[in-house]
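**Q** Before we start, here is the structure in question, set down as structure tokens.
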Amino acid sequence: MFYSLSALATLFVFWLLFSGIYTPFLLAAGAAGALAVLLIADRMDRFDHQGRPARLGWRALFSYWPWLSKEIVVSAWDVSRRIVDPRLPITPTLVRFKPLQTTELGLVIHANSITLTPGTITVEVGMGEMLVHALSASGAAGIAGSEMDRRVAALEGFIFEEST
């Protein structure tokens, strides 16, 4: 029940953010739309109960997202410098490595975090393996066994502990 209510609240808040108009009729229509999406998704059995995103939310919000935001800014600065300064090398590199994550949710979070960080793109994801394209050799060297890998694994461990 908590999972369904948190999903409904998330859908409604998402709708509110994109709507921008808060008349009573449209608020009711947004709530009805969120409820319809929730019921259809439930009927289609599209909920992944393994990850329990509602429990992930607060932990990620206060620990992982601030750290990832800082990494995105630092990486954007590095990519900008490489574009502007011809002395800094751009050496496109592919790296294949074994991430620490053991669940699909952990792999998705890690792969998307890599792609959100400027200068890196996750090309391929499989259980026990990732292929990442990096803008520079130094960026590629820091992917395997990285701080991001450890932080996502810790976040994944938190999810696993809460779901058991």
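**Q** Of everything in segment 140-159 that's open to solvent by less than 30 Å² (accessible area, probe 1.4 Å) and either of a type outside the set (A, V, I, L, M, F, W, C) or closer than 18 Å to T91 by Cα (or both), which residue is modelled with the highest pLDDT?
**A** Once the filter is applied, the top-ranked residue is D149.
Okay, residues lined up against (1) in contact (Cβ under 8 Å) with a residue 12 or more places away in the chain; (2) in a helix (DSSP H, G or I):
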position: Y3; (1), (2): yes, yes
position: S6; (1), (2): yes, yes
position: A9; (1), (2): no, yes
position: W15; (1), (2): yes, yes
position: Y22; (1), (2): no, no
position: L26; (1), (2): no, yes
position: A29; (1), (2): no, yes
position: L35; (1), (2): yes, yes
position: D42; (1), (2): yes, yes
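**Q** So, one more: Within segment 70-94, work out how many residues are under 12 Å from S136 (Cβ atoms) and either assigned to a helix (DSSP H, G or I) or at pLDDT 95 or above (or both).
**A** Of the residues in segment 70-94, 6 are under 12 Å from S136 (Cβ atoms) and either assigned to a helix (DSSP H, G or I) or at pLDDT 95 or above (or both).
**Q** Those residues that are modelled with pLDDT of 90 or more and either assigned to a strand (DSSP E or B) or over 30 Å from I83 (Cα atoms) (or both), I need them from segment 127-139; list them, please.
**A** Correct list: E129, M130, L131, V132, H133, A134.
**Q** Can you tell me which residue among F97, F47, F25 is modelled with pLDDT under 90 and aromatic (F, W, Y)?
**A** F47
The values are calculated or read from the model by the stated rules, or taken from the named source; none is laboratory data. Keep in mind that what you see is a predicted model, and the values were worked out from it rather than measured. Backbone-built Cβ (ideal geometry, glycine too); neighbour counts: all protein chains shown. Heads up: the accessible areas ignore ligands, DNA and RNA and are worked out on the full protein's heavy atoms, side chains in. Shrake-Rupley method; radii C 1.70, N 1.55, O 1.52, S 1.80 Å.
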